[in-house]
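See below for the structure under consideration.
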Amino acid sequence: MKPKSSILDPALIRPAILDSFKKLDPRVQWANPVMFVVLVGSLLTTFFTFAHFTGFNLQLTLWLWFTLLFANFAEAMAEGRGKAQAATLRKMRTTTLARRLVKDREEQVAASELAKGDLVVCEANDVIPGDGEVAEGIASVDESAITGESAPVIRESGGDRSAVTGGTRVISDRIVIRITSEQGNAFIDRMISMVEGAKRQKTPNEIALGILLVSLTALFVLAVFTLPAFAHYSEKAAGQSGVVNVTIPVLVALLVCLIPTTIGGLLSAIGISGIDRLVRRNVLATSGRAVEAAGDIDVLLLDKTGTITMGNRMAVAFHPAPDIEEGYLAASAQLSSLADETPEGRSVVVLAKEKFNLRAREMHELHAEFIPFKAQTRMSGVEIPASDVQPAVSIRKGAAQAVQNHVESLGGEFPIAVTRIVEEVSRRGATPLVVAEGRKTLGVIELKDVVKGGMKERFAQLRRMGIRTVMITGDNALTAGAIAAESGVDDFMAQATPEDKLRRIREEQAAGRLVAMTGDGTNDAPALAQADVGVAMNTGTQAAREAGNMVDLDSNPTKLIEIVEIGKQLLMTRGALTTFSIANDVAKYFAILPAMFGGLYLATGAARGPLSALNIMGLHSPESAILSAVIFNALIIIALIPLALAGVQYRAVGAAQVLRRNVLIYGIGGLLAPFVGIKLLDVALVALHLA
Amino acid sequence: MEERDFLQLGIYLLALVAFTPLLGRFMARVFNGERTLLSTPLGAVERGIYKLGGVDATREMSWSGYAGAVLVFNLVGCVLTLVQLMTQAWLPLNPEHLPNLPFPLALNTAVSFMTNTNWQAYSGESTMSCLSQMAGLAVHNFTSAATGVAVVLALIRGLTRRQAGTLGNFWADLTRSTLYVLLPLSLIFAVVLVSQGVVQNFRTYDTATLVAPYETEVAKNDAAGQPVKDAQGNAVMEKKRVTEQVIPQGPAASQIAIKQLGTNGGGYFGQNSAHPFENPTPVSNFLEILAIFLIPSALVYMFGVMAGDRRQGWSIWAAMCALFLVGFAVLWWAELQPNAATGLAASLEGKEVRFGQFGSALFATATTDASCGAVNTMHDSLSPLGGLVTMVNMMLGEVVFGGVGAGLCGMLMFVILTVFIAGLMVGRTPEYLGKKIEAAEIKCAVVAVLAPCVLILIGTAIAVSCEAGPGTINNQGPHGLSEILYAFTSAAANNGSAFAGIGVNTNFFNCALAAVMFLGRFAIIIPVLAIAGSMARKKASPPSAGTFPTTGATFTLLLLGVIIIVGALTFLPVLSLGPIVEHFLIQAGRIF
């Protein structure tokens, strides 16, 4: 499910060309008023050309139709890319039979006949027939069809890993699944309809931009169609007749050049490709609105575990008690951890090896007995019976208070120095584990939650983008503060309960901020629903997935940052192309106005009228000028399709910098580019004897 | 371009920059209901007015309630003036026994003064009785300006309040702006004007014997006062020897003060501020130009104060000032150029020699920038490029300081459009002062920005297409088109200045321009109030590094870009057939 096609995949071009013609249907064009005006203009010009055939009119007519086709092509390409993904997805929608459980009896039904609440059985190699929750059992499931991740995942009843997705395959064991969504409304169906753009509703910002574009179009219709009145008045005033060229094709040419066809033609392609970019990153949004909201996010709520830190506490240092060698402490700590299969235990072994090159010893060779961690003792350890080489050894490691009690119960003394080390380590936000051998306290292992690499830079980037990150953790304030400082987040919530999260989101929103968060557990659901952008992990519960407005199929919490970038890119692309489109108009006036009015007030004996002075590009003739402007207008749509599909380049810098850069490229660039383009086209037309 | 001109320009800008925060801060206090110097003497008057009108000044209005109050107040005022003008012969204070106005002229005048346009299809001294001037027109000078202030106050409250349903009380805003701002300023300014020689009396008109009598041709009238026509339908002219001059009198200073301060522009005399009794000295000229920008400029500062960030105000102010200076530079330069067609070194036709090119150019720029419409020079006689500047100033929507209140409203509409287009480019849905700009606001802003454009284009197109328009034009060639275009531009922008050169006291122009003035006013006020209403309800998000900055040079330049591009794209075609082609023709020595 990770099609890595280039922006203009040749395989997509052919159907897109076909679609471009199909989309000439006025009912399709009506949805896009700017292009509908072009359609009406093209039709008028075509009729006019039949009545007054000239080579010029013919060329003009053709290029007007090309303008429409190019805009259609842009949309068809965007849709085509979505459809290609949808087709891949659709293959996964199984037509295989489901084993429905009715009163403990299995029956074979088509997957499409399953209803919400049905129970189905899946065993190894069965394809899960629909979205649901594991009601019973545990199984490993291959979800690579959806996530692209090849390692199978565990799905079990109850808890936070109970959701399964239709189209994935059970690899081992047997589970009973309760179907939670109606057919046609399952995950894959929603995904397909989103990427195909079938159910794509215009987002609020698209609607607002649409209003602006329609208004500009209306204004230009007015500006162009009041021109004949002024022109005829001027002819009369100049005592001339028939010198102003205000025939239908010329007026339509001027109109089409002025109305924002560039953005009008590319607007829906931009929207579709925004969703498409999300899907490419394995994020499924339930609405385009959510993508747009992602661009506006002011605050990110991130879970500490798994997002900011590796999620496991690791041993980072040995602090020996006075009179104890650090190497001895390390050796004892290693010994006590050899049989400890927890990540913490393993990390002690690893650290001992790294620091003192202590090799892991075989437990059974030592006849050692492992004492596992118990909630009552809050210690683990090892008992090694006396042997030829050494006397009996009893090592314990655990929380400071527990070890102190243990040592003192054996008549030993817990050194003040160790207490101080414990306090010191705690203050740093790390976890101290005290190691004791018999009644002798050896020292402290410092365990720390390790912050993932590169997070600090990432948060700094976000800060420059104006986004604050808030770390959420169940740790106490001390630990949380230390990790927050190390990872560079702006704020943290310690000992956070789901209610705290919800309250925090409401507070931020009340202050006018937009909040995004990720979550996976059922208890995250209210917060996910409350957040403006709630990204549920695909490994999460069905409740969490229903509550959020996006699902990350990779279950990667840092994905939120990419989602924000995609949202911003989408809005930026719209703004940039709108600016470009409007800025383009200036040059077109300088091409077409002298072409229309160049002959007015012509002095006897003069070759050109006074308004030819506006022909600052020095275009060859009125015909070549008008044609060049119209051709430029059509070609620029094609030229900008890759930009519309890929989005404008995004860099994580402050708004002021982004603005200056985009204004320079799309504003000033948009002002100047057509002067060059139209001149070049004019030269080409003359060279080809087309005008 | 002499040194003293630059010096005067420098002093002008300094004075403007100095007065802006002073008056702006004062107005912010007044409209926030805080105590000011004037609270003690005028507080009782204010409360008395509320009592008289049965107004509870603390009762806040929703946007529709506010809009309703604006409409009712203005329409009632308009109808009263209409009736007064049509019955002035029977009313007191009519020393010259001037007749009643016919309906089209009365309608045009009433709408014109109600909308702060002050387009005058008549000549004051020969049409209006003293009562009409004082109790009709001068009252509108105050109330139309106060209405503008009230509307912009509602807009500012809408932009700055959070999750609020109301925008203030129109009656209180109207009363306060009249009582604390317009009246005191006018009083002071009128006294200053009198010191310069502006008349303020109720005398019958003086007659003076001319030192140098002259002969002229005038249209011959029959016994009924109708012009006599010959067989071809042309007016029959007769020779007339002029030996004496009638010198009009009246309460001019009081009306001139408010016509400048309230950006009304309707002169007491037909010649407006070119008349020696309206604008006698270079000092009065300087002060009248300063008065035009005084309140509009201070309102921008007041906006900054109310928005809690003065830079918000100054950034907009900078855009306004830049447009003013560029326009002035072009106009002044154009007037100093030798006239290729006549061979004269500089164009002084239509200018008062007491003001010269500089004083005339500065006045012409300010009056067209600020929707004032008072004139001290004949705009029809400006060079083509000079005329172009005056038209462009108005076509941009009267946002270069603009009319009292209306100018800032218009500018804020452009700000909303700028924020929307450019704001997208920073990758956030656009917001202004922390509030999201969505479909509803864009719809209203677009109506407010484009309404004058539509009115100008359609009005001019109709006028040039039917006989009623060109029939009254004195000039042929492209200048005729400019004259019609100017008339509709002035009306749609609620400016009121005239290019003149066409007879506008015809039924066609009186009615068409009345409609354009009305729509040009309320097609902006209503959407502005609607935006205020919808913005007031929104939450405001605090600014962050990711927010589109609406202060600073980048924003000011963007705002300028949007204003100029919208204006240029709309009007370049028609302007190219008017002043632009005329410029090229004059360069080639061709006149019509």
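The values are calculated or read from the model by the stated rules, or taken from the named source; none is laboratory data. This one's a predicted model, so the numbers in the text were calculated from it and none came from an experiment. All Cβ positions, even for glycine, are placed from backbone atoms using ideal geometry, and neighbour counts span all protein chains on display. Side chains are part of the model used for accessible areas, which takes the heavy atoms of the whole protein and leaves out ligands, DNA and RNA. Shrake-Rupley method; radii C 1.70, N 1.55, O 1.52, S 1.80 Å.
Can you list which of the DSSP-assigned H helices in chain A have a Cα extent of 24 Å or more along the long axis and an average Kyte-Doolittle score of at least 0.0?
Going by DSSP H runs, the hits are A:33-51, A:55-92, A:204-225, A:261-280, A:559-597, A:622-646, A:669-687.
Is the stretch B:154-252 rounded, prolate or oblate when judged by the Cα gyration tensor, a ≥ b ≥ c being the square roots of its eigenvalues, rounded requiring a/c under 1.5 and prolate requiring a/b larger than b/c?
oblate
Quote to one decimal, in nm, the extra length available between A:Ala218 and A:Asp104 on full extension: 0.36 nm per residue of separation minus the C-alpha distance between them.
Full extension of this stretch gives 34.3 nm more.
Going by accessible area, probe 1.4 Å, with all protein chains left in place, what is the ranking of A:Arg346, B:Arg311, A:Arg513, largest first?
Largest accessible area first, the residues go B:Arg311, A:Arg346, A:Arg513.
Take A:Ala460 and B:Ala18, extend 7 Å from each Cα along the Cα→Cβ direction, and tell me the distance between the two endpoints in nm.
Computed distance between label sites A:Ala460 and B:Ala18 equals 5.0 nm.
Return the lysines within reach of B:Lys239: Cα separation strictly under 18 angstrom, same-chain partners fewer than 8 residues apart disregarded; answer none if there are no such residues.
Straight-line reach from B:Lys239, under 18 Å: B:Lys220, B:Lys229.
At a probe size of 1.4 Å, how large is the accessible area of A:Trp65, to the nearest 10 Å²?
60 Å²
Ordering B:Phe328, B:Phe592 by accessible area with a probe of 1.4 Å, largest first, what comes out?
Ranking B:Phe328, B:Phe592 by accessible area, largest first, yields B:Phe592, B:Phe328.
For the stretch A:525-588 and the stretch A:379-417, compute the distance between their C-alpha centroids and round to whole Å.
55 Å
Could you work out the equivalent-ellipsoid semi-axes for the stretch A:328-374, taking the square root of 5 times each eigenvalue of the Cα gyration tensor, largest first, in whole Å?
Calculated on Cα positions only, the semi-axes equal 16, 13, 9 Å.
Using only Cα atoms and rounding to the nearest 10 degrees, what angle (0 to 90) does helix B:406-424 make with the longest principal axis of chain B?
That works out to roughly 50 degrees.
I'd like to know which of B:Thr36, B:Ser497, B:Met395 lies farthest towards the positive end of the charge dipole of the protein assembly as shown, counting +1 on Cβ of Lys and Arg and -1 on Cβ of Asp and Glu.
Result: B:Ser497.
Determine the order of A:Val676, B:Val353, A:Val34 by accessible area, beginning with the largest, at a probe radius of 1.4 Å.
B:Val353, A:Val676, A:Val34
Report, in deg cm²/dmol and to the nearest 500, the calculated mean residue ellipticity at 222 nm for chain A, where each DSSP H run with n ≥ 4 adds -39500 (n - 2.57) and the sum is divided by the residue count.
Calculated at 222 nm, the ellipticity per residue is -16500 deg cm²/dmol.
In whole Å, what is the distance between the alpha-carbon centres of the stretch A:619-640 and the stretch A:483-514?
54 Å
Specify the angular offset, from 0 to 90 degrees and rounded to the nearest 10, of the alpha carbon long axis of helix B:282-306 from the longest principal axis of the alpha carbons in chain B.
Value to nearest ten degrees: 20.
Mind grabbing the accessible area of B:Leu101 for me, 1.4 Å probe, Å², rounded to tens?
10 Å²
Keeping all protein chains in position, work out how much accessible area B:Phe358 exposes to a 1.4 Å probe, and write it in Å² to the nearest 10.
B:Phe358 exposes around 10 Å² with every protein chain in place.
Expressed in nm to one decimal, what extension gain is obtained for the pair B:Arg47 and B:Cys466 from 0.36 nm per residue of sequence separation less their Cα-Cα distance?
The B:Arg47-B:Cys466 span can extend by a further 145.5 nm.
For A:Val316 and A:Ala11, what does the FRET efficiency come to when R0 = 60 Å and r is the distance between their Cβ atoms, rounded to the nearest 0.05?
0.70
Hey, which aspartates and glutamates would be in cross-link range of A:Lys23, C-alpha to C-alpha under 13 Å, not counting anything within fewer than 8 residues on its own chain?
Within the straight-line limit of under 13 Å, A:Lys23 reaches these aspartates and glutamates: A:Glu75, A:Glu79.
For the pair B:Val228/A:Gln376, report the inter-label distance in nm, with labels modelled 7 Å from Cα in the Cβ direction.
13.4 nm
Starting from the Cα gyration tensor of the stretch A:454-508, take the square roots of the eigenvalues, sort them a ≥ b ≥ c, and report rounded, prolate or oblate (rounded when a/c is under 1.5, otherwise prolate if a/b is larger than b/c, else oblate).
The shape class here is oblate.
Expressed in whole Å with the largest first, what are the equivalent ellipsoid semi-axes of the protein assembly as shown derived from the C-alpha gyration tensor as the square root of 5 times each eigenvalue?
Ellipsoid semi-axes (Å, largest first): 75, 38, 26.
Using only the alpha carbons of chain B, determine the length spanned along each of the three principal axes and report them from longest to shortest in whole angstroms.
Sorted from largest, the Cα extents of chain B read 75, 58, 48 Å.
Which shape class, rounded, prolate or oblate, goes with the stretch A:94-140 when its Cα gyration tensor gives a ≥ b ≥ c as root eigenvalues, a/c under 1.5 marks rounded, and past that a/b bigger than b/c marks prolate?
The shape class here is rounded.
Out of the DSSP beta bridges found with both residues in chain A, what percent are antiparallel (nearest 5)?
75 percent
Compute the accessible area per residue over chain B, keeping the other protein chains in place, probe 1.4 Å, unit Å².
It amounts to 35 Å² per residue over chain B.
Any idea which of B:Thr368, B:Gly350, B:Gly423 is furthest toward the positive side of the dipole for the stretch B:341-434, if Lys and Arg beta-carbons carry +1 and Asp and Glu beta-carbons -1?
Farthest along the dipole direction, towards plus: B:Gly423.
How big a patch of accessible area, both sides summed and in Å² to the nearest 100, lies buried between A and B at a 1.4 Å probe?
5100 Å²
Which value, in debye to the nearest 20, describes the size of the charge dipole of the protein assembly as shown about its Cα centre when Lys and Arg Cβ atoms bear +1, Asp and Glu Cβ atoms bear -1, and nothing else is charged?
360 debye
Taking only the Cα atoms of the stretch A:616-674, how large is their convex hull per residue, in Å³?
78 Å³
Gap in Å between the Cα centre of the stretch B:185-211 and the Cα centre of the stretch B:574-591?
40 Å
May I ask which residue of A:Ala74, A:Gln509, B:Leu450 lies farthest towards the positive end of the charge dipole of the protein assembly as shown, with charges of +1 (Lys, Arg) and -1 (Asp, Glu) on Cβ and the Cα centre as origin?
Among A:Ala74, A:Gln509, B:Leu450, the one farthest towards the positive end of the dipole of the protein assembly as shown is B:Leu450.
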